Every structure is written in structure tokens, then in C-alpha cells.
1. Identify all aspartates and glutamates with a Cα-Cα distance to LYS199 below 20 Å; exclude those on the same chain that are fewer than 8 residues away in sequence.
2. Net charge within 9 Å of LYS104 by Cβ-Cβ distance, Lys/Arg positive one each and Asp/Glu negative one each, not counting LYS104 itself?
3. What residues qualify as long-range amide H neighbours of ILE106, i.e. H under 5 Å apart, gap of 5 or more or another chain, H built at 1.01 Å from N?
4. If you wrap the stretch 34-84's Cα atoms in a convex hull and average its projection over all directions, what's the area in nm²?
5. Rounded to the nearest 500, what is the chain's calculated 222 nm mean residue ellipticity when only DSSP H runs of at least 4 contribute -39500 (n - 2.57) each, over all residues?
6. Averaged per residue, what accessible area in Å² does the stretch 1-133 show with a 1.4 Å probe, protein chains only?
7. Please give me, ordered by residue number, the trypsin sites (Lys or Arg not before Pro) of the stretch 9-93 that lie in loop per DSSP and have at most 10 other Cβ atoms within 10 Å.
8. Over the chain, with every protein chain in place, what whole percent of the accessible area is carbon and sulfur at 1.4 Å, could you tell me?
Amino acid sequence: MKLIIFGAPGSGKGSQAPNLNKEYGLFHLATGDILRKNIKEETPLGIEAKKYLDKGMLAPDEVVIGLVEEKLKCKECEQGVFFDGFPRTLEQAKKLDEITTIDKVIYLEVDFSILLARITGRRSCECGKTIHIKRMKTEECECGKILYQREDDTEEMVKPRIETFLAQTAPLIEYYEKQGKLITIDGDGEIEDIFEVIKEKLG
Ligand code: AMP
């Protein structure tokens with residue numbers, strides 16, 4: 001199975017990763033995570049991508065498409081994949097349709113007023129997990145590493161990121177609706193409750 005989960009920043013795409021992996025064995029392919037890893041390691045791609053991420057803008061299509069094509073060759077992807085944060089533009093969606101066949105596209109719809117509190121309160125771990133400060137009991141992730149706030153999870157970065165979503169990613173709603181693959185789910189709720197709805201809708 002190949003799934004796409006998309007939605008505005010903070011809509012809860014990545015939070016469904018453990019559930020989707022456990023239930024369906026899907027590999028979590030998150031372009032944001034791959035880009036941040038490259039930035040941390042100061043690879044040429046990371047240095048280039050940082051210019052865009054720092055402004056809440058999207059990295060160039062050809063860079064991200066190249067990363068996805070490469071990642072799809074990995075062994076873990078054989079059992080199935082869920083794309084988190086990709087595609088984010090019509091150009092990326094069209095390219096993805098050339099590379100592979102997508103079964104379903106889940107759109108997590110969340111009111112913009114909720115996103116700000118979710119994003120600014122989000123703490124992340126290198127292992128990929130995230131947690132909201134309201135639920136945090138210690139500075140440490142379950143894996144033992146220290147949780148941190150992403151540089152773009154700040155109040156001033158939320159606005160440009162949401163604007164980017166509206167201008168460049170929201171047109172995907174119509175694109176996948178026309179393909180008959182879109183499942184829209186209310187993303188305002190507990191992670192486990194939302195996963196129950198995802199399971200039900202996937203059938
Ligand atoms: P995310 O972790 O999905 O919130 O992504 C963090 C940032 O990485 C985004 O704000 C973009 O700047 C960049 N990014 C992630 N995925 C993509 C993509 N598919 N296309 C372009 N830029 C991306």
C-alpha cells in the first residue's frame with residue numbers, strides 16, 4: 001500500500017507514523033525529516049535547502065523529487081510507504097504519479113486557529129517522535145535523546161508556513177479528489193481517535 005498524508009503544518013501527519021507502521025507496516029517517508037538531516041550534516045543539498053526552510057518556503061521541486069526517488073529504492077519501502085510532507089506542490093504530485101501508484105490520500109483538516117498552539121508547543125526528537133509540551137513529563141524522549149524545538153516551530157514561522165501551504169499545497173485537494181483517492185478526515189482530536197477513523201476509511 002502507498003499512502004499520502006497531507007495537511008497544513010501541525011495537522012498531525014507525522015504523529016500517525018507509529019500507528020501506520022505498526023498496523024500496515026508502512027515505511028514513514030518524511031521529506032522534512034530528510035531535509036533536516038541533510039541540513040544538520042551540512043551536505044551540499046542541506047546547505048541549499050536551509051535557505052528555503054529558514055523562510056518557511058518550500059525547497060525546490062527537483063531537489064525534493066530527487067530525494068524521494070532515491071529513498072523509494074530502500075528495502076524498508078518494499079512493504080509499503082506513507083508519504084508525509086510530500087507531495088507539497090502539483091509538480092511534485094504529477095511526478096510522483098509517474099514514479100509510482102498511490103492508493104489513497106488522506107487529508108487531515110484542522111482549523112488554522114488550532115495549528116499555532118500545536119506547532120509552537122511541539123517538541124521533536126532526532127528519532128522522529130514528537131510530543132506536545134502539555135504532555136511532556138521530562139526533557140527526554142522515550143528513546144533517551146533530548147527533545148528540542150524545531151527552528152521553524154516558532155510563532156513567527158507559523159504564518160509563512162501556513163501561507164505556503166495555502167498557496168502551493170492546498171491545490172492538491174482538488175487534484176486527488178479528481179482521481180477519486182481523497183479521504184478528508186477531521187484532524188482535530190486525539191492521535192489514537194484519528195487513527196481509528198483512518199483505519200475505518202481505509203477499509
Ligand atoms: P515538515 O517537516 O514536513 O514540516 O517540513 C519542514 C520544511 O521542509 C517545510 O516547511 C519545507 O520548507 C521543507 N519541505 C518538506 N517537504 C517538502 C516538500 N515536499 N517540498 C518542498 N519543501 C519541503
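1. The reachable aspartates and glutamates, counting only those whose Cα sits under 20 Å from LYS199, are GLU23, ASP84, ASP103, GLU109, GLU177, ASP186, ASP188, GLU190.
2. Within the 9 Å Cβ shell, the charges total +2.
3. The answer is ILE4, ILE5, PHE6, ILE183.
4. 3.8
5. Computed ellipticity for the chain at 222 nm equals -12500 deg cm²/dmol.
6. 48
7. Hits after loop and neighbour filter: LYS73.
8. 50
The values are calculated or read from the model by the stated rules, or taken from the named source; none is laboratory data. What you are looking at is a predicted structure, and each value in this text was computed from that prediction instead of being measured. A quick note on method: Cβ atoms are made from the backbone with ideal geometry, for glycine too, and the neighbour counts reach across all protein chains shown. Heads up: the accessible areas ignore ligands, DNA and RNA and are worked out on the full protein's heavy atoms, side chains in. Shrake-Rupley method; radii C 1.70, N 1.55, O 1.52, S 1.80 Å.
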